[in-house]
Each structure stands twice: as C-alpha cells, then as structure tokens.
1. Looking at V213, V208, which one is in contact with a Ser or Thr (Cβ under 6 Å, 6 or more places away or on another chain) and over 30 Å from K269 (Cα atoms)?
2. What pairs can you find where one residue is in the range 1-20 and at pLDDT below 95, the other is open to solvent by 60 Å² or more (accessible area, probe 1.4 Å) and among the aromatic types (F, W, Y), and their Cβ atoms are less than 9 Å apart, with a gap of 6+ or different chains?
3. Among the numbered criteria (1) under 22 Å from the mean Cα position of the chain (by Cα); (2) assigned to a loop (DSSP other than H, G, I, E, B); (3) of a type outside the set (G, A, S), which one does D57 miss?
4. Find the residue count for the range 168-183, including only residues that are free of Cβ contacts under 8 Å to residues at least 40 places away in the same chain and under 18 Å from Q116 (Cα atoms).
5. List every residue pair whose Cβ atoms sit under 7 Å apart, with the two residues 6 or more apart in sequence or on different chains, where the first one lies in the range 295-317 and is crowded, with 20+ Cβ neighbours inside 10 Å and the second, anywhere, is in a loop (DSSP other than H, G, I, E, B) and among the polar types (S, T, N, Q).
6. List the residue pairs whose Cβ atoms are under 9 Å apart, where the first residue sits in the range 239-251 and is farther than 17 Å from G134 by Cβ and at pLDDT below 95, the second is in a strand (DSSP E or B) and open to solvent by 30 Å² or more (accessible area, probe 1.4 Å), and the two are 6 or more positions apart or on different chains.
7. May I ask you to list the residues in the range 378-391 that are over 13 Å from L410 (Cβ atoms) and either in contact (Cβ under 8 Å) with a residue 60 or more places away in the chain or open to solvent by less than 10 Å² (accessible area, probe 1.4 Å) (or both)?
8. Does T280 satisfy being in a helix (DSSP H, G or I), under 24 Å from I155 (Cα atoms) and open to solvent by 60 Å² or more (accessible area, probe 1.4 Å)?
Amino acid sequence: MKKTSINLQDLRREIYVKAKAEKNWSFWGLYTHVCKMETLQKAYRMAKVNNGAPGIDGVTFDAIEEAGVEPFLESIRGELVQGTYKPARNRKKEIPKGNGKVRVLGIPNIRDRVVQGAMKLILEPIFEADFQEGSYGYRPRRTAHAAVNRVASAIVCRKTRVIDVDLKAYFDTVRHDLLMKKVAQRVEDETVLGLLKLILKASGKRGVPQGGVISPLLANLYLNEVDKMLEKAKEVTRQGKNNYVEYARFADDMVILVNGYPQWEWLAKAAYRRLLEELTKLDLQINTDKTRIADLTKGESFGFLGFDFRQVKTRRGKWGVKFTPKMKARTTLLGKLKEAFRNFQSQPVQRVIEIINPKLSGWVNYFRIGHSSRCFRYVERWVENKIRRHMMRAKKLDGFGRDRWSREWLYRYLGLYSSYQIRYYQEPKALPA
C-alpha cells in the first residue's frame, strides 16, 4: 500500500474499499502515509477545529501559529521518519460526573494530537469497513440521534425487554495486548504497530485515554466482537422479515432490546449470558448496580444517551414510544446556567446572554428530537425568570419584573435564545394494541 503520490482523500477511499471487499486482507506500507505532510496538515487542522486545552507542556495553538505551523509539522515529520518520536505523558483532568465521582480525561500535547490524528486518518477506513450497523459512537456520518432513533424504532416494533448495559470503567480497563492483537489482524506494518504501542503506553499500563484523538476508534475496535455477536443473534433468531433482537451502542453506552412476547423471554437471558461471555474474553466487567433488564410492558423505563425511554399508548390506541431528556440532563444544564448567572452577576445582561445562549443552543439542539416539549418549556421559563431577576438586581428594583420586561422584549430586544421547536421523531408503523 505504498502509493505515496495519491492524495489523502483518495487514499482513504481506496483503503476502505479494499478493506470492505477483502475481510482477511492485512495492510502494509501504511507508515509512509502517516508521515506525509498532507496527512499531518490534515491532522493539525482537525486538532485546531476541536481546539481544547494544552497538554502537559503548556503549548497552545496560538504559540504554534506564532512560531509557524509548517516548521512545527516538519519537526514532527522528522521525528517520525527518523524513528525518534516519543509521545509525552497525558495531562490528567478531572470532570465531575455527579454523586461525587469524576471522569478522568487524558489530554495529549498538541504535538501528540497531530500524530494520533495522522494515525487515525490512515487506520480509520480499515476498521470502519469492519464495524457493525449497531455501532454509532464517534464514527463518520453517524450520530447519537440515529442511535436514539434505532432504539425508539425497536420499542415500537415490540422489543420491550431491554438489557441496559453499564460497563465498569471501560476506557480505563482496555487491555493493550488484546487491543494490539485486534489491530494486528488487519495491519501488517511493524512501524505503525510500534507507534501505536508508544501512544498507548503514554496513557499507562492499561486503558485508552478519554481525550485522546485515536481513542474512540480503538475503543470501538475493542468492542467490535461484541457487536458481531449481537448481529449474529439478530440473524439466527430471524423468522422471515421479523427479527427479535436489536441493539445500539455508542462507545461504552449499550442497550440490547428483545421482543417482549413471553415465548422470547429465554432470548433476553441468552443474549445477556452471551454478552457476559464476550466481555469476559475482553477482561471487561459490567457494573452490576446499574446493569439491569427492564420490562417496558410493566411501566418500567431505561436511559440511553441522555434520554429516558418508555412504552406508551398512542391516541389511536396503539403501542408507541416516548423518549424525553433525563432529569439528570436537565439538572446539569440548569447547574451550568446558574454558574454563569452567578459568575457574571455584575455584568450587563447582554454579556450574560452571550454566555448562556451557546449553552442553551447546544443542549436544545441535542434534545429537540422525541418528546421534549414539556422539558423545553420548563427550561425556557426558568431562563426568562433568571434574566428578569438579573435585571432587577442590576437596577436595584423590587418585585419580579414580568410586567416590566415581556417575553417578546427578552427575545426580540435582548436576543435571548428562543429556538425551542421540536423535530418530532417519525415513528415506524406501530403494531395493533
């Protein structure tokens, strides 16, 4: 695979087509493409778009661009070509998860982000050809909304017995030796494998760092055999056009849905047993406190990607699905907004709105599918009231302020975020009740 004159886009397409057509093909000569300036330039642009905090060396994008991007990339390329490149340790950053727990991010230097990005650009099309339909996390042209819709469609089709899977510290417990074997099944390039091993060692003896550029690709690869097992379960239980198992996975967030009729109760138990077998092979554990089998026909619900799912009767008397933002998601948003109001309480209201509008926009755009209107109305009124209180405090006025500043005034004059419209999910044809 040494067509060094081919451009990066065409190369990635050729690699994908080859990998898709020949499932047992091992790729060689990839390191040359990792080291190409075109690949490094693309990797730098990707890192710059994502921005992010500096790594352990404190070097920022501004500092790099002031000194010159081309010399920076030439220096990286020189180290890669000469075999002297060594990644630095990742900078650790703790992100609160709630309940006093934290998620630890491993943030590489910008230099190491570029190298990881170059590796990802060359390796991604190989493994994309092998990934399964039910895997959605951090993949090209795949979204969390598509995963949510897949789950909703399964519930409408009576897959109401749900295995809600929670993996214990997944990213921190990936075994490097098993991961490297999976990569080596498709990559017969010792230099690439050696570089990948260096990248993994920079994060410790085990795990892939949350915050690493190449980590999502590797995390998907590690669980690909689990996805294959579930795809096989769908096929072996298929009867004509009907299948009785569905699943969706977004990184380590996974649900398995089984037909709710009594005769298929054994299938949920069998799927759970097979899941445990595959996870044992990967030396992974489930969180037994959070993993459970929910029966939606008994009024139970489950969470996936920030939404709560439950089975409901439609107005026409048929079984449908209702999915709404989880209370935790709403509480987290309001907490961030409260912090903004508190930190900028001495600032003009226009400045506060500049701060909160992007937070509102991002949150609403994610949750505007499904049945989020009631939650949106709550958030909308809450924000309006906080804005009024901010202005009352600034003007040292008594009262609430609704009579002084109407809703129309808040949105038209101040420019407060106002796009709370729902994009209703188009349900598949429901079965008769």
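The values are calculated or read from the model by the stated rules, or taken from the named source; none is laboratory data. Since we're looking at a predicted model, the values are computed, not measured. FYI the Cβ positions are ideal-geometry reconstructions off the backbone, even for glycines, and counts take in every protein chain you see. We work out accessible area using only protein heavy atoms, side chains counted, and drop any ligands, DNA or RNA first. Shrake-Rupley method; radii C 1.70, N 1.55, O 1.52, S 1.80 Å.
1. Only one candidate passes the filter, namely V208.
2. Note: pairs meeting the criteria are M1/W28; K2/W28.
3. (1)
4. Adding up the residues that qualify gives 2.
5. Pairs that qualify, where the first residue is crowded, with 20+ Cβ neighbours inside 10 Å and the partner is in a loop (DSSP other than H, G, I, E, B) and among the polar types (S, T, N, Q), are L296/T160; F309/S301; Q311/T160.
6. Between residues of the range 239-251 that are farther than 17 Å from G134 by Cβ and at pLDDT below 95 and residues that are in a strand (DSSP E or B) and open to solvent by 30 Å² or more (accessible area, probe 1.4 Å), there is no close pair.
7. Once the filter is applied, which keeps residues that are over 13 Å from L410 (Cβ atoms) and either in contact (Cβ under 8 Å) with a residue 60 or more places away in the chain or open to solvent by less than 10 Å² (accessible area, probe 1.4 Å) (or both), the range 378-391 yields only V379.
8. The answer is no for T280.
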